[in-house]
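> I'd like to ask some things about the structure below.
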Amino acid sequence: MVFIVIIILSFLLQLILPWWVILVLSFAVCGMIGKTVKISFWQPFLAIFVLWVAMALYKSMPNNHVLATRVAEMIGIKLWFIILPLTALIGGLVAGISGYCGFCFRKAVLNDKAKNN
């Protein structure tokens, strides 16, 4: 459930907002519906990883990977297809850590409310 919500909302929101909207989205979704720590890290990680690889291929294929090749050469890698998982890994880690933080935030707030009652 977390995977589907994050991948759909990320796709739609990244059309109009900057890339870092995945931080806010992963934090909020895992804070609301994340069931465990593992789910709250791995589901956003995989959702963004898959989305970013798919979108990079979708945008890179029509121009014969010219930009990806130039970026790869700029950072010292000769092959353009190494850039795809590298970029997706960074996005996945950002989303996964944000989802984990959202889950932990919810647990901390719930525990704090239980202590105060």
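> Looking at (1) within 15 Å of Leu84 (Cβ to Cβ); (2) in contact with a Phe, Trp or Tyr (Cβ under 7 Å, 6 or more places away or on another chain); (3) of a type outside the set (A, V, I, L, M), which one does Gln43 not meet, given that it meets all the others?
Against the list (1) within 15 Å of Leu84 (Cβ to Cβ); (2) in contact with a Phe, Trp or Tyr (Cβ under 7 Å, 6 or more places away or on another chain); (3) of a type outside the set (A, V, I, L, M), Gln43 comes up short only on (1).
> If you don't mind, there's one more thing I want to ask. Name the residue that is farthest from the chain's Cα centre (by Cα), counting only residues in the stretch 4-27 that are of a type in the set (Val, Ile, Thr) and loosely packed, with under 14 Cβ neighbours inside 10 Å.
Our first condition is that a residue be of a type in the set (Val, Ile, Thr); within the stretch 4-27, this holds for 4-8, 16, 21-22, 24.
Add one more test, that the residue is loosely packed, with under 14 Cβ neighbours inside 10 Å, and what stays is 4, 8, 16, 24.
Working: Ile4: 12, Ile8: 12, Ile16: 16, Val24: 10 Å.
Applying the filter and picking the extreme gives Ile16.
> Which residues, taken from the stretch 70-85, are surrounded by 13 or more Cβ atoms within 10 Å (Cβ to Cβ) and under 23 Å from the mean Cα position of the chain (by Cα)?
Residues satisfying the conditions are Val71, Ala72, Trp80, Phe81, Ile82, Ile83, Leu84, Pro85.
> Report yes if some residue within the stretch 62-82 is in contact (Cβ under 8 Å) with a residue 40 or more places away in the chain and not hydroxyl-bearing (Ser, Thr, Tyr); otherwise report no. Steps first, please.
Step one: of the stretch 62-82, the residues in contact (Cβ under 8 Å) with a residue 40 or more places away in the chain are none.
No: the stretch 62-82 contains no residue that is in contact (Cβ under 8 Å) with a residue 40 or more places away in the chain and not hydroxyl-bearing (Ser, Thr, Tyr).
> Could you please find all residues in the stretch 28-47 being touching a Cys at 6+ places or on another chain (Cβ under 9 Å) and either aromatic (Phe, Trp, Tyr) or surrounded by fewer than 23 Cβ atoms within 10 Å (Cβ to Cβ) (or both)?
Step one: of the stretch 28-47, the residues touching a Cys at 6+ places or on another chain (Cβ under 9 Å) are 30-31, 37, 39-41, 43-44.
Residues satisfying the conditions are Gly31, Val37, Ile39, Phe41.
> Filter the stretch 29-83 down to residues that are closer than 30 Å to Val109 by Cα and not in a helix (DSSP H, G or I), then give me how many there are. Reasoning before the result, please.
First pass over the stretch 29-83, keeping only residues closer than 30 Å to Val109 by Cα: 29-49.
Now drop any that are not not in a helix (DSSP H, G or I), which leaves 34-36.
Residues in the stretch 29-83 being closer than 30 Å to Val109 by Cα and not in a helix (DSSP H, G or I): 3 in total.
> For the stretch 104-116, check the following and say yes or no: at least one residue is small (Gly, Ala, Ser), at pLDDT below 95, closer than 26 Å to Leu25 by Cα and in a helix (DSSP H, G or I).
Of the stretch 104-116, the ones small (Gly, Ala, Ser) are 108, 114.
Subsequent filtering for residues that are at pLDDT below 95 retains 108, 114.
Filter again for closer than 26 Å to Leu25 by Cα, leaving 108.
Imposing the further condition that a residue be in a helix (DSSP H, G or I) reduces the set to 108.
Checking the stretch 104-116: at least one residue is small (Gly, Ala, Ser), at pLDDT below 95, closer than 26 Å to Leu25 by Cα and in a helix (DSSP H, G or I).
The values are calculated or read from the model by the stated rules, or taken from the named source; none is laboratory data. If you're wondering where the values come from, they're calculated on a predicted model, not measured in any experiment. Please note: Cβ atoms are built from the backbone with ideal geometry, for glycine as well, and neighbour counts cover all protein chains shown.
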